[in-house]
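One structure is given below, encoded as structure tokens.
Nothing in this text is a laboratory measurement; each read-out follows from the coordinates by a stated rule. Just so we're clear, the structure is a prediction, and the values are computed from it rather than from any experiment. Note that we place each Cβ from the backbone using ideal geometry, even for glycine, and neighbour counts take in every protein chain shown.
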2 protein chains.
Amino acid sequence: MDRYQSFARSGLGRFVVGKLGLPDPHPLRRHSPGKPPLDGPVLVGGGGRLADAVRAAVKSAGLDLAPEPGGTGRGAADGERYGALVFDASGIDSVERLRELYEFFQPVIRSLGPCGRVVVFGTPPEQAGSQIAQRALEGFTRSVGKELKRGGTAQLVQVAPGAEAAIESTVRFLLSGRSAYVSGQVVRIGPADVEPPADWDRPLAGKVALVTGASRGIGAAIAEVLGRDGAAVVCLDVPAQGDELSAVANRVGGTALQLDITAPDAPARIVEHLVRRHGGVDVVVHNAGITRDRTLGRMDADRWDAVVAVNLASPERVNEALLAADAVRPNGRIVGVSSIAGVAGNVGQTNYATTKAGVIGMVDSLSRRVEGRATVNAVAPGFIETRMTAAVPLVIREAGRRMNSLSQGGLPVDVAEAIAWFAHPASAGVTGNVVRVCGQSLLGA
Amino acid sequence: MDRYQSFARSGLGRFVVGKLGLPDPHPLRRHSPGKPPLDGPVLVGGGGRLADAVRAAVKSAGLDLAPEPGGTGRGAADGERYGALVFDASGIDSVERLRELYEFFQPVIRSLGPCGRVVVFGTPPEQAGSQIAQRALEGFTRSVGKELKRGGTAQLVQVAPGAEAAIESTVRFLLSGRSAYVSGQVVRIGPADVEPPADWDRPLAGKVALVTGASRGIGAAIAEVLGRDGAAVVCLDVPAQGDELSAVANRVGGTALQLDITAPDAPARIVEHLVRRHGGVDVVVHNAGITRDRTLGRMDADRWDAVVAVNLASPERVNEALLAADAVRPNGRIVGVSSIAGVAGNVGQTNYATTKAGVIGMVDSLSRRVEGRATVNAVAPGFIETRMTAAVPLVIREAGRRMNSLSQGGLPVDVAEAIAWFAHPASAGVTGNVVRVCGQSLLGA
């Protein structure tokens, strides 16, 4: 908990926050081994082609299915709090049938417990019987995300026809503390051959992951979470970060690779290291990124060039080298790190926002190019508590922290968990997505 | 000017605003007959396939082309203020070449005058040599929009290969006061046969336009602007608004059509009226909309049903009836009205946001279905000063007004001008767009 949050949870704080209508950040329930994924059972409604697969995934994840509400149709059993409300809207094929959404959620929404989940499953609009109705679902879930209190989140998952069997890793991610800081998102799942992992607790066992910028902050968290999930992690960073990098590599049982990704020979050296030492790579996470902020009129060319080189040109060159060498193994994963600044633009960040919007273009283009061989996705972090954001002036920092539906900043682990979901071998149908990890930040395009 | 804005422009106000870092809304330069479209010449840079067409459109619009900056490469001539900075980035085919964007804008951005325009022309990323670089342009323009002061705006226009001759109506819209409250947008133009109008001041002469919800607010402004542009406007609203509707119809030299668009026979009556009285319709504007706000748990079914019926089911039914009767004449225009709530969701508006997101789905699906016969686009207004927003409590109203790059609310005419641009006979290549009229609101998805 940050300082404001500690204050807001104190006796005096609750009083002040309530009287003044200040943000009331609820402590988020995050993943912890041995703890159930959610507090409370999952109510599943709707009668489309996905409801059965959703119920099966819920049970497989160790969650309880709640019985349908009783004859009164008014909410949960006495005092019961749902852990999640899930609705299969894939069968909604007209504007009029959107009412089914209302009929399911309206009576039960107030029975959703703290850090509860709302997930609506639909069909990609352009493949649906009513493109209008399916596109409308997005306005619904985004509004619900903004209405939920106490750490609740809401998402829309668009599952292509034929992809019904490819949803389990996504159900497990969204119906757990792993998605604590993800809200208001639209996720697409396409058809894919999905093998469930031998062990859902170590889904990356036997896999090799490369993480750039791994010595600290979000990068270190990514290395840790992928290591926890069983991957052999190659932690990459510049030589100047060598000590911190070694510490992270040791902690996650991985190896350290010191190099500057902007060096001309960097892509070749990375390929060589991965192929020679590991026989290839399964998961590539382009996390390394820098900022060099100035408004455009005051930005010298070095600031422009440095940010473009690290954040965009290098990932592109590394991808091309890996693909040319056929170093990404089958069912591979390429993950970019965009930013809400890349989605929305930001003052003083014409250079940074250009590169982070470019990462979205990389997802769009590369996901099509390598379809069937690898998935390509990106996270777009919002306000994440790191040493970088701790250096932001107080007032701006507080504004950034509170301007989202969860009224708090996220943690590096929240970004890492989203990447682990992309990296999951059962996420073969999850490709071409840019998922914001921003607590449903108000900021957007 | 609203009251805050008047205060902020006063002597004391300037001092207070400056000291406290408060929003400093600059009076927006809007379209006025006889006034030049912009203050100052237009500097055009970049060497792609669009620069010549842009220069021709600039001259045709009665604007001056600025000479290229002198040998020093550092900004405008002494004291000169550009009216607009336009860059043809369609030739940027690599991440490295993004530097051309920086090289053009950096030296001159501070020479952009009040209410100046930044427009970057590019290629739809999926049709580009470098999808990454073209997608990156969006992060750049959105950041520039946020950095500009004093009423400046920034947009990205993605012109498909083959659509070079279809850009003039868009150049004229963006490089004028007609787009005063449009910023941070991405517009797409596809190939189309475009005939310039006989008279650019009355481009809709001989055309018939239907405007629903025309009796007041944004709808009345739409009727007025389409009437000003020469259209015979059929003003539609519910019988209870009859007097106000007649007044609008008289003012714009159009006719009034009283009916409830949710009535079962409404689509047939509309078709009958348009075909019998006018021989068909050229421009259909689905402006009628209502709100019935409540958080979901407290929303009765009537609120859900009423909002869906007016905002989404009726436009869909009217479109289907018009198309079935072949009542939309060639080079037709269908325009929806979405909302930033439809893009981003909003507290208390699960019903409204569902419908306004559905309007985006309507644009997506219908624009493909009627391609070549009609264009389909939508505006998504942000905070617009109307009787509706005047009823919002002060603090929320002020927040809504200021949370955008222009630090002020828009006027109904701003929405109407965007619709007139869609309606323009030379906008045949502008289809499938959802353009926000929101001053680049911070709120987004």
Distance in Å, no decimals, from the C-alpha centre of region A:55-69 to the one of region B:321-375 is 37
Label model pair A:GLU103, B:GLU80: point-to-point distance (7 angstrom along the Cα→beta-carbon line) in nm is 6.7
Per the C-alpha gyration tensor (a ≥ b ≥ c, the square roots of its eigenvalues), the protein assembly as shown is rounded if a/c is under 1.5, else prolate if a/b beats b/c, else oblate; here it's oblate
Looks like region B:208-437, by Cα gyration tensor root eigenvalues a ≥ b ≥ c and the a/c under 1.5 rounded cutoff (else prolate when a/b is bigger than b/c, oblate otherwise), is rounded
Here the residues of region A:1-39 lying in the modelled label zone of B:VAL395, meaning backbone nitrogen under 12 Å from a point 7 Å along Cα-to-Cβ, are A:17-23
Set A:LYS35/A:LYS146; A:LYS35/A:LYS356; A:LYS356/B:LYS35; B:LYS35/B:LYS356; B:LYS59/B:LYS207, cut-off 30 Å on Cα-Cα distance; pairs above it are A:LYS35/A:LYS356; A:LYS356/B:LYS35; B:LYS35/B:LYS356
For B:LYS149, the aspartates and glutamates lying under 20 Å Cα to Cα, once residues fewer than eight places off in the same chain are dropped, come out as A:ASP293, B:ASP2, B:ASP24, B:ASP39, B:GLU80, B:GLU138, B:GLU398, B:ASP414
Applying the span-like rule to chain A (DSSP H, Cα extent along axis at least 18 Å, Kyte-Doolittle mean at least -0.5) gives A:350-369
Expected vector for region B:434-445, Karplus 3J(HN,Hα) from phi with 6.51, -1.76, 1.60 and θ = phi - 60°, integer Hz, x for Gly and Pro, equals 10, 10, 7, 10, 9, x, 6, 3, 4, 6, x, 9
Label points for A:LYS35 built 7 Å along Cα→Cβ; distances to same position in the other copies, nm, shortest first, come to 5.9
Between A:ASN404 and residues 5 or more places away or on another chain, the pairs with built amide H atoms under 5 Å apart involve A:LEU442
Output row for A:ASP326: copy-to-copy label distances, label 7 Å along Cα→C-beta, ascending, in nanometres, one decimal, is 5.8
at A:VAL392 the sorted inter-copy label distances (label 7 Å from Cα on Cβ side), in nanometres, are 2.4
If A:ILE222, B:ILE334, A:ILE270, B:ILE290 are placed from fewest to most neighbouring beta carbons inside 10 Å, the sequence is B:ILE290, A:ILE270, B:ILE334, A:ILE222
Fewest-first ordering of B:TRP421, A:TRP304 by Cβ atoms within 10 Å yields A:TRP304, B:TRP421
Heads up, region A:1-158 by the C-alpha gyration tensor (a ≥ b ≥ c square roots of eigenvalues; a/c under 1.5 rounded, else a/b over b/c prolate, else oblate) looks prolate
Among residues of chain A, the one whose beta-carbon sits nearest the axis that rotates A onto B, given with its distance in integer Å, is A:GLY444, 1
Listed with the fewest Cβ neighbours within 10 Å leading, B:ASP282, A:ASP260, B:ASP88, A:ASP52 appear as A:ASP52, A:ASP260, B:ASP282, B:ASP88
Inter-chain shielding metric for B:85-97, i.e. average beta-carbon neighbours from other chains within 10 angstrom, reads 2
What helix-only [θ] at 222 nm does chain B give? Using -39500 (n - 2.57) per DSSP H run of at least 4, over all residues, to the nearest 500, the answer is -11000 deg cm²/dmol
Across A:PRO191, A:PRO36, A:PRO393, the residue with the highest GNM fluctuation in chain A (Cα network, 10 Å cutoff) is A:PRO393
On the formula 1/(1 + (r/R0)^6), with r taken between the Cβ atoms of B:ASP199 and B:ASP24 and R0 of 45 Å, the FRET efficiency rounded to 0.05 is 0.70
Between A:ARG368 and A:SER60, Cβ-based FRET efficiency (R0 30 Å, step 0.05) works out to 0.45
So, relative contact order of region A:208-437 in percent, Cα under 8 Å, 6 or more apart, is 20
